[in-house]
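Each remark here refers to the structure printed beneath this line.
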Amino acid sequence: MSEPMVLKNKHQRKKVIKNVGYWIVVALVIIPFLFPLVWMLLSSLKVQGDITRIPPVWNFTPTTQHYRAVFADHDFARYIFNSAVIALGSTVFSLILGLPAAYSIARFQQTKFSLGILIARIAPGITFLIPWFMLFSRLRMVDTYTSMILAHMLVGLPFIVWVMTPFFEGLPVELEQAAMIDGASQAGAFFRVLLPLTGPGVITSSILAFVFSWNNFMFGVVLTGAKTKTLPVAVFNFMAYSEINWGGLMAAAVVITAPVIVIALVAQKYIIQGLTTGAVKE
């Protein structure tokens with residue numbers, strides 16, 4: 001066999017080994033993530049007796065009885081509405097306050113302010129939960145949308161500031177100066193010139209802040225009642241009975257997880273673009 005042929009075969013073997021190794025790593029990462037989701041979905045479509053059977057039942061007739069029970073017996077439509085109102089409200093108000101704050105930190109080098117935002121970002125939520133509960137109890141605001149939106153802003157607002165600050169730092173100050181020379185005020189330059197250029201970051205931070213609020217359990221379990229109960233709290237209630245309704249629990253878990261997965265799939269391009277753009281400075 002000629003030497004070029006030997007080198008070609010050697011190169012092909014290396015390429016095959018590299019591809020096999022790549023797919024093994026991908027499988028090791030994806031399978032542990034997908035398996036619980038697939039198990040949850042399949043369990044929600046089984047009758048109660050098949051869910052906990054050992055060995056597992058793989059050949060079964062799908063049923064939607066658990067989903068019907070979730071919406072008919074437990075008013076999950078109301079919980080979805082509550083979660084959506086709270087997540088949207090906290091995200092919108094976090095953007096209104098967070099975007100100017102991120103701009104101010106980036107333009108005027110407000111290191112003390114950014115340190116406070118960082119502390120709020122990394123501090124455990126329980127740090128704020130007890131003071132929030134005492135304050136809202138005195139103001140008779142427990143079990144209201146206002147209290148939940150304010151509580152969830154503790155998560156969304158620092159995150160939006162943290163994500164958006166690098167975006168504003170990466171924009172040349174000359175853009176703002178040129179707009180002001182043309183007659184725009186500083187606020188006008190911010191809204192008409194700088195903010196449109198940070199679109200990927202605004203989309204990314206908005207989506208992630210919404211998801212964090214949608215998934216938040218800790219604030220809801222303390223600050224909500226029958227009127228403003230959110231989806232995570234409602235799902236947890238399935239485990240509060242002496243006998244756990246595994247079918248209903250799995251169906252409820254699918255209901256709370258599906259919107260997050262859909263948002264991630266639809267917006268993944270914007271999320272990746274936003275995070276990578278904000279991380280690169282010219």
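In region 245-269, the residues that are touching a residue at least 40 places away in the same chain (Cβ under 8 Å) and part of a helix (DSSP H, G or I) reach residues that are polar (S, T, N, Q) and surrounded by fewer than 20 Cβ atoms within 10 Å (Cβ to Cβ) with C-beta atoms within less than 6 angstrom, at least six apart or across chains, in these pairs: Gly247/Gln48.
Residue-wise test of (1) more than 28 Å from Leu195 (Cα to Cα); (2) not aliphatic (A, V, I, L, M).
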{"position": "Ile86", "(1), (2)": "no, no"}
{"position": "Lys112", "(1), (2)": "no, yes"}
{"position": "Ile117", "(1), (2)": "no, no"}
{"position": "Phe133", "(1), (2)": "yes, yes"}
{"position": "Ile149", "(1), (2)": "no, no"}
{"position": "His152", "(1), (2)": "no, yes"}
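The selection criterion, being among the charged types (D, E, K, R) and modelled with pLDDT under 80, does not hold for Lys46. The requirement of being modelled with pLDDT of 80 or more, outside the structural domain of Ala187 (by TED's automatic domain parsing), more than 26 Å from Gly220 (Cβ to Cβ) and over 26 Å from the mean Cα position of the chain (by Cα) is not satisfied by Arg107.
Does Leu95 satisfy the criteria of being at pLDDT 90 or above, more than 29 Å from Val255 (Cα to Cα) and surrounded by 15 or more Cβ atoms within 10 Å (Cβ to Cβ)? In short, no.
The values are calculated or read from the model by the stated rules, or taken from the named source; none is laboratory data. Keep in mind that what you see is a predicted model, and the values were worked out from it rather than measured. Neighbour counts are summed over all protein chains in view; Cβ atoms, including those assigned to glycine, are modelled from backbone coordinates with ideal geometry.
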